[in-house]
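Take a look at the structure below.
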Amino acid sequence: MDAASSSSGPPARHALVTGGAGFIGSHLVDRLLAEGSRVTVVDDLSTGRRTNVPEGHERLRFIQSDLTVAIESMGADERFDEIYHLAAAVGVQLVVREPIRCIETNVLQTGALLRFAADHGRNENGCPTLIASSSEVYGKGSKTPFHEEDDVVYGPTTVSRWSYACSKAIDEYLALAYHAAGRTPCVIARFFNTIGPRQVGDYGMVVPRFVGAALAGGPIEVHGDGTQSRCFADVRDVSTILPRLLRSGPCLGRVFNVGADDPISIGDLALRVRAVVGSESEIRLVPYDQAYSVGFEDLRQRRPDLTRIREAVGYRPILTLEESIRDIASWMRSEERAWPSC
């Protein structure tokens, strides 16, 4: 279904966003609509929320469906200018709790999406597609900061924690193979810790979990000893850069770290959240075996090398960690989302 012609210019760009009612996806949808694109969102709402995307927008079509079912139902004449594949099972707690769901969602749906992209672009070269990947692909991370060309090491298959990393690595291999074969142009966005409004702590995301506990006055539970460090980028910075990556010819066929590169320990993060929110919550250390499962492994640090994305598209995160925390807290208050223990 092509965009209608406009008397003042060419047809609006038509974008497909899978997982568009999710955290990152919904912010991307906002960006695309603001620039004048037509947007089709496919989301089964298993982790996304319908209220994350606008109702009744004249350039937005929302399809609540399993992704494979949705794309199989689209006719041969359904054409897109670009595809953003953000549908995935995410969150450490969800991965540990439901590994079958995570593996099948991440691998099988990506395969179906790439086959669809190859046949539903504006020309015979396929539809330019951005595949959302994860810093989990770096596995145990033998050095820091993580560079896109680093070798990776994963734990044994008997530890389900590593299944997510492997599934996202398969997604990357598959997308790059489609690109190399000339079936559809692809770019990989390897997300590091992304935070901001609309993110919930239900699936183990650390910042909204901390903010929700602080707002409720309950204990802020830090898993492990709190000395492990992460870098946090605001979703509004991240979502802005995704169209630029996909629309830049030299970026196609490549992998890009997307995030921030100023680390903070998780213990200090808990203190920062408590200070920004103005809470007196107790900060409580919880062993990994108690928080997840026996034998759970975590990285001591996770910091991206952003040289490639800076040189390619001039990416520079703008929003500070304090601004992100403050805006998450404001959003949670407006949504009445605050949990004593989440």
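For the condition surrounded by fewer than 20 Cβ atoms within 10 Å (Cβ to Cβ) and closer than 16 Å to Ile325 by Cβ, what is the one hit in Gly267, Gly249, Gly253?
Gly267
Pull out all pairs, ordered by first then second residue, where Cβ-Cβ is under 9 Å, the residues are six or more apart or on different chains, the first lies in region 131-149 and is on the phi > 0 side of the Ramachandran plot, and the second is among the aromatic types (Phe, Trp, Tyr).
Gly139/Tyr154; Gly139/Trp162
Considering only residues of region 88-125 that are buried (at least 20 other Cβ atoms within 10 Å of the Cβ) and among the β-branched types (Val, Ile, Thr), which is modelled with the highest pLDDT?
Among them, the one singled out is Thr110.
Can Gly48 be described as in contact with a Ser or Thr (Cβ under 9 Å, 6 or more places away or on another chain), modelled with pLDDT of 90 or more, within 23 Å of Ala12 (Cβ to Cβ) and in a loop (DSSP other than H, G, I, E, B)?
No; evaluated as a whole, the condition is false for this residue.
Right, Gly126: within 21 Å of Asp298 (Cα to Cα), part of a loop (DSSP other than H, G, I, E, B) and in contact (Cβ under 8 Å) with a residue 40 or more places away in the chain or not?
In short, no.
Considering only residues that are among the hydroxyl-bearing types (Ser, Thr, Tyr) and modelled with pLDDT of 85 or more, which ones fall in region 273-309?
Ser279, Ser281, Thr307
Anything in region 62-78 that is in a helix (DSSP H, G or I) and among the β-branched types (Val, Ile, Thr)? List them, or say none.
Passing the criteria: Thr68, Val69, Ile71.
Going through Ala260, Ala312, Ala329 one at a time, which residue ends up being closer than 28 Å to Glu149 by Cβ, modelled with pLDDT of 95 or more and surrounded by 19 or more Cβ atoms within 10 Å (Cβ to Cβ)?
Working: Ala312 fails: surrounded by 19 or more Cβ atoms within 10 Å (Cβ to Cβ); Ala329 fails: closer than 28 Å to Glu149 by Cβ.
From the options Ala260, Ala312, Ala329, the qualifying one is Ala260.
It is to be established whether one or more residues within region 216-224 are of a type outside the set (D, E, K, R) and in a helix (DSSP H, G or I).
yes
For region 161-211, what are the residues that are over 14 Å from Phe23 (Cβ atoms), surrounded by fewer than 24 Cβ atoms within 10 Å (Cβ to Cβ) and of a type in the set (Asp, Glu)?
Within region 161-211, just Glu172 meets the criteria.
In region 173-215, how many residues are under 25 Å from Tyr292 (Cβ atoms), in a helix (DSSP H, G or I) and either aromatic (Phe, Trp, Tyr) or under 19 Å from the mean Cα position of the chain (by Cα) (or both)? If you could, list the steps in order and put the result at the bottom.
Residues of region 173-215 that are under 25 Å from Tyr292 (Cβ atoms), as a first pass: 190-196, 198-215.
Imposing the further condition that a residue be in a helix (DSSP H, G or I) reduces the set to 206-215.
When the remaining residues are screened for being either aromatic (Phe, Trp, Tyr) or under 19 Å from the mean Cα position of the chain (by Cα) (or both), the result is 206-210.
So the count comes out to 5.
The values are calculated or read from the model by the stated rules, or taken from the named source; none is laboratory data. Owing to the predicted nature of the structure, the values given are computational and were not obtained by experimental measurement. Backbone-built Cβ (ideal geometry, glycine too); neighbour counts: all protein chains shown.
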